[in-house]
Structures are given as structure tokens and as C-alpha cells.
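Here is the structure we will look at, set down as C-alpha cells.
We did not get these values from a lab; they are worked out from the coordinates using the rules stated. These numbers come from a predicted model, not from an experiment.
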Amino acid sequence: MVPSAYDAYLAAVATAAAALIGLLFVAVSVRDDSIFGPKAVPGGEALAITAFTGLVNSFVVSVLGLIPKVNIGEPAVSMAVIGIAATVRLQRRLRTGRNLIVLALTLVAYAAQCAYGVLLLVKPHDSDQLINLSFILFTTLIVSLQRAWSLLKGKHLVTAAGSAAASGHDPPRAPR
């Protein structure tokens, strides 16, 4: 039930998200030892998971929003709940106090998406809420791109090296 004026935007977001998911897989394959596995750096895994969750969120909401007679509020709410659950679960598993601002902003973005989705379920033709949801999708796409790029550049290794030096442990080495 999205107005046809949004078709090009949603198609562009879905296309960009799909392409960026591909970039994320490349980034993970280039730095796989430092992201997943026994020698993985927790920051790398967190970057990969949060980037993937954000990209899938943008992709799914956009693609389902293109289907005629589908209220975009449904996928927006569903994906927001999944995003919140994945973020909280990851935070609990990693038990890190770092990046609490990023955690808070991520949770606020998903909560806003959920709220706009609920409002669109109640009023499917409310263009103001659709615009707000569009900005949330764009934001999650850009933040996820930044996270995927950070993985590719190995920023999680720099952070881990600094943490290891402060604790007296050997820092992980980037693969060559």
C-alpha cells in the first residue's frame, strides 16, 4: 500500500542493500580469521553481525514494500523487532561496555522503525510516516555500509590491538 511515487526509492534501497550485502561477504572473506572462529576479535564479529542485520533490514522492508497491497508497516515492525533482538543478544554475548552510544543509537533507530511501522499499520496511507520510515531505512543502509567498510579496512584489528596492548596481551595480526 505504498504510493507508486516510492517505488523507485524502495527499489534503489533494495538494490543498494543487496549489493552491500555482497560487499560484506567480501569483507568477511578477506578477514575471516579475525571475524569468526577461535582467533576472532570480538569487535570484528560485532561489526559483521550488525552490518548484516542493518542491510537485511533495509533490503527486506524495501522489497516487501514494493509488493502491491502489502502494508509496509508489517515488514517494518517485524524487521525492527528482529533488529532489536539481534542487537541485544549480541551485546549480551560479547559483554562489552564499549560503543554504548552506538548501541543506544542502533536501538533507537530500530525502535523508531517499529513505531513508524505501527503507525503505518494503523494509517496505511500516512505519507509523513512513510517519509520517516524512508529516512530510517536510508540511515540503516549508510551505517551498515560504514560498518562493512570498517571491516574491510581492518579497523576492528586496530581496536583489538589497542585493547591487547593495554591489557598486556599480544595483539591479533592482520592476515597478509
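Applied to segment 58-70, the Karplus parametrisation 6.51 cos²θ - 1.76 cosθ + 1.60 on θ = phi - 60° returns per-residue 3J(HN,Hα) values of 4, 5, 5, 4, 5, 5, 5, x, 7, 6, x, 6, 9 Hz, with x for Gly and Pro. Phi-derived couplings, Karplus 6.51 cos²θ - 1.76 cosθ + 1.60 at θ = phi - 60°, listed residue by residue for segment 4-19: 4, 4, 8, 4, 5, 4, 5, 5, 5, 5, 4, 5, 4, 4, 4, 5 Hz, with x used for Gly and Pro.
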